[in-house]
1. Ratio of alpha-carbon Rg to the 2.2 N^0.38 Å globular estimate for the stretch 126-176, to two decimals, please.
2. In whole Hz, what ³J(HN,Hα) sequence does the stretch 71-88 give by Karplus (6.51, -1.76, 1.60; θ = phi - 60°), x for Gly and Pro?
3. What net charge do the residues around PRO151 carry, taking every other residue with its C-beta under 14 Å from that of PRO151, with Lys and Arg at +1 and Asp and Glu at -1?
4. In percent, what relative contact order does the stretch 57-178 have, based on Cα pairs under 8 Å that are 6 or more apart in sequence?
5. Could you let me know the centre-to-centre spacing of the stretch 82-131 and the stretch 135-180, using Cα atoms, in angstrom?
6. For an R0 of 22 angstrom, estimate the FRET efficiency from the Cβ-Cβ distance between LYS96 and HIS171 and round to the nearest 0.05.
7. Give the value in nm², to one decimal: projected area of the alpha carbon convex hull of the stretch 57-178, averaged over all directions.
8. Using mean Cβ contacts within 10 Å as the protection proxy, how do 61-71, 146-156, 93-103 order, highest first?
Amino acid sequence: MDRARLRSHAAGAHCGHMSRSQRNARDSLHLWLMIAALVSVAVGSLLNAIAPKEKPVVTIYMRPDCGSCVRWLEYLEARGFRTEIGHETDWPSIRKRFGIAPELRSSHTAVVNGLFIEGPVPAADIHRALRLQKLFHVRGLIVPGVPRWSPGIAWGLPEPYTVLVMREGGHVHEFAEHNH
């Protein structure tokens with residue numbers, strides 16, 4: 001056997017009898033897999049850097065048979081919050097501590113990062129209030145009553161409703177309008 005054929009045969013044996021085009025395809029595939037892995041790591045690192053490290057925990061005080069309250073919790077979990085249920089016996093003291101007047105009450109009261117949430121407040125409004133909490137002395141958000149088509153309340157004809165904000169000193173103002 002001449003040297004050229006011997007080298008070719010030896011190279012083929014080393015590569016599992018792969019042709020040059022097969023080796024090129026294999027090498028190209030390896031390169032693409034390495035690129036994909038690097039991109040995946042880079043994207044994961046970027047998302048981890050810009051994502052909040054911890055989801056805020058919402059503790060809700062409610063009656064155990066309140067279906068709309070449970071649906072509101074599920075709605076919040078799907079929008080960046082962790083949830084837990086507080087002791088129903090603590091509910092009156094929570095409302096008293098935050099100064100929630102009877103005419104402003106709803107089906108449940110919740111607390112997240114020191115901010116109270118009375119009623120089915122939309123998640124976007126809660127996220128916004130958490131960002132503004134210290135700058136504007138926000139104590140809590142309120143949706144009085146149980147408006148139809150507010151989060152967790154999907155029945156009847158939709159009705160517009162207003163989310164109120166309570167600031168230090170008990171001052172209540174309009175925070176957001178929701179029209180369906």
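1. 1.27
2. Result, rounded to whole Hz: 5, 5, 4, 4, 4, 5, 4, 6, 10, x, 10, 9, 10, 8, 9, x, 6, 4.
3. -2
4. Worked out over the stretch 57-178, it gives 22 percent.
5. Centre-to-centre (Cα) distance: 11 Å.
6. 0.75
7. Approximately 6.9 nm², given one-decimal rounding.
8. 146-156, 61-71, 93-103
Coordinate-derived values only; no laboratory data. Source: prediction; values computed, not measured. Note that we place each Cβ from the backbone using ideal geometry, even for glycine, and neighbour counts take in every protein chain shown.
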